[in-house]
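Report on the structure given below.
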Amino acid sequence: MNTELYNLAEKLGHALVQKDATVTTAESCTGGGVAHGITAVAGSSTWFDCGFVTYANSAKHRLLGVPQELLATHGAVSEAVVRSMVAGAAAAANADYAVAISGIAGPGGGTEDKSVGTVWFAWQSPAGVSAKKYLLSGDRAEVREQAIKISLQELLHQVTGCNTV
């Protein structure tokens, strides 16, 4: 894990401890990378109980309660699905904050409507849910790393109310 991601996770942990709050993750294209970053921080069990790697649609449905109709209608890489993923993860983990990520890291899998590098995010906090689509560039590893960084930055923003960039 690079130093920048570790520092973001460490800042997130400090902010969560100050609020006596917890966080969870629902990851698809990042394959557990956000949870890996979080758990690299010593003492993270204080503010991170569990995360979900739901790579397949069946896992999104089974573990997070994403309706099969949403997956069939919108596809896994969509605002509707990440909003459902984040709500399911927060509820299952009883977490105050959550992030969900679903995207196409490549090199294959892209379509005319959803090109390689398309990544949808959703964040849940006590203030509600927000979602955003990014078009990331680079190879598979670079897309995944960018998605992990965006996830941690926005979680930190959600917890502190401050921009981290």
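Bear in mind that the values in this text are calculations on the coordinates, not laboratory data. Since the model is a prediction, treat every value here as computed from it, not as a measurement. Heads up, the Cβs are rebuilt from the backbone with ideal geometry, glycines too, and the neighbour counts pull from every protein chain shown.
A few remarks follow.
- Pro126 meets all of the listed conditions (1) under 14 Å from Leu16 (Cα atoms); (2) of a type outside the set (A, V, I, L, M, F, W, C); (3) surrounded by 22 or more Cβ atoms within 10 Å (Cβ to Cβ) but one, namely (3).
- Only one of the numbered conditions (1) within 19 Å of Val77 (Cβ to Cβ); (2) touching a residue at least 60 places away in the same chain (Cβ under 8 Å) is violated by Trp123, and that is (2).
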